[in-house]
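Written out below as structure tokens is the structure these notes cover.
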Amino acid sequence: MRIYMEISENLQKGKNKIVKELVQQAIDQGCPAAEILNDALMAGMNIIGEKFKNNEVYVPEVLVAARCMNSGVQLLKPLLVADGVQATGKVCIGTVQGDLHDIGKNIVKLMMEGKGLEVVDLGTDVAPEAFVQAAIEHGCQVICCSALLTTTMDVMAEVVKAADAAGIRPGVKIMVGGAPITQDFCNQIGADVYTSDAASAADAAVALCQ
């Protein structure tokens, strides 16, 4: 539909006001909320995600597109709830204990929300037990751990151990990422998935939630 394309295009350009107006217009025209979400907002966000993966757009573009996405979702939320539309899955995300960096984590969160996941953001400096507790409390299928400092990488191993000790695996998968993290490190600590960028992380989380 033409209006879905317009929403998607304006979202990619970061035109927040126009996106809000168009989403409201689509609602007024009687378009199904789930369709506006999937075919307009998420379609636009997926394109931004691919471009980000290919270094065709950068962090600022992702942030403004995500703001448009969130504005549109706010308008759709009551309708989606009324229609009984469920999130495609639930994840909790945080930067591990001892690390206060959150730009990477925030971008991953936005990408995941753009894929229709419900994301519980635990912030920075998150203790291993806090990840596990959040996963249990909120019924998350995935725990996402981020680190930028080499000195805090090993906390990820503690998260895996804490999850094992709590008996929540294999029901809860553990994803790791951040500048110093590698696939070898992921294998070594017994985590489930490593991805090198935010868009791939969002794709992987959706796959794990299914």
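The values are calculated or read from the model by the stated rules, or taken from the named source; none is laboratory data. Note that this is a predicted model, so its numbers are computed, not measured. Backbone-built Cβ (ideal geometry, glycine too); neighbour counts: all protein chains shown. Side chains included, ligands, DNA and RNA excluded: accessible areas come from the protein's heavy atoms. Shrake-Rupley method; radii C 1.70, N 1.55, O 1.52, S 1.80 Å.
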- Name the aspartates and glutamates eligible as straight-distance cross-link partners of residue 105: C-alpha to C-alpha under 17 Å, and not fewer than 8 places from it in the same chain. 61, 113, 118, 121, 125, 197, 203
- Task: Measure nothing but the geometry: give the 0 to 90° angle between the long axis through the Cα atoms of 198-209 and the longest principal axis through the Cα atoms of the chain, rounded to 10°.
- Result: 80 degrees
- Message: Between 79, 110, 37, where does the largest GNM mean-square fluctuation fall for the chain, given springs only between Cα atoms within less than 10 Å?
- Response: 79
- Expected max-MSF residue from 116, 167, 49 in the GNM of the chain (alpha carbon, under 10 Å) is 167
- Could you work out how far helix 16-28 tilts from the main Cα principal axis of the chain, as a 0 to 90 degree angle to the nearest 10? 60 degrees
- Query: Ordered by residue, what ³J(HN,Hα) values in Hz, to whole numbers, does the stretch 50-65 give under the Karplus form 6.51 cos²θ - 1.76 cosθ + 1.60, where θ = phi - 60° and Gly and Pro are x?
  - Reply: 5, 5, 5, 4, 8, 6, 8, 10, 10, 3, x, 5, 5, 5, 6, 5
- Message: I want to verify a result. In a Gaussian network model of the chain, Cα cutoff 10 Å, which of these has the top mean-square fluctuation: 164, 184, 192?
- Response: 184
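Counting only protein heavy atoms, what percent of the accessible surface of the stretch 1-64 is carbon or sulfur at a 1.4 Å probe? Walk me through the numbers before you get to the answer.
On the way: 1810 of 3420 Å².
Accessible surface attributable to carbon and sulfur in the stretch 1-64 totals 53 percent.
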- Message: For the chain, take the longest principal axis of its alpha carbons; what is the angle in degrees between that and the long axis of helix 155-166, to the nearest 10 within 0 to 90?
- Response: 90 degrees
- FRET efficiency, 1/(1 + (r/R0)^6) with R0 41 Å, evaluated for residue 161 and residue 13 via beta carbons: 0.35
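Using the reciprocal of the averaged 1/r over all distinct C-alpha pairs, how large is the Kirkwood radius of the stretch 128-169 in Å? If you can, show how the numbers build up before the last one.
Details: mean 1/r = 0.0943 Å⁻¹.
10.6 Å is the Kirkwood radius here.
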- Message: So if I take the alpha carbon set of the stretch 90-176, get Rg, then get Rh from the Kirkwood formula, what is the Rg over Rh ratio?
- Response: 0.94
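Report, in debye and to the nearest 20, how large the dipole of the chain comes out about its Cα centre when Lys and Arg carry +1 and Asp and Glu carry -1 on their Cβ.
360 debye
Quick one: accessible area per residue over the chain, 1.4 Å probe, rounded to a whole number of Å²? Present the calculation step by step, with values, prior to reporting the outcome.
Numbers: 9800 Å² over 210 residues.
With the other protein chains kept in place, the chain gives 47 Å² per residue.
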- Query: Counting pairs of alpha carbon atoms under 8 Å apart in space and at least six apart in sequence, what relative contact order in percent does the chain give?
  - Reply: 19 percent
- Would you work out which of 175, 193, 11 lies farthest towards the positive end of the dipole of the chain? Charges go on Cβ: Lys and Arg +1, Asp and Glu -1. 11
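For the chain, build the convex hull from the C-alpha positions and give me its volume per residue in Å³.
Values: hull volume 22.8 nm³, N = 210.
Convex hull of Cα atoms, per residue: 108 Å³.
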- Query: In whole angstrom, how far apart do the alpha carbon centroids of the stretch 169-206 and the stretch 1-46 sit?
  - Reply: 31 Å
- Task: Could you check how much of the accessible area of the stretch 127-210 is carbon and sulfur, as a whole percent, using a 1.4 Å probe?
- Result: 52 percent
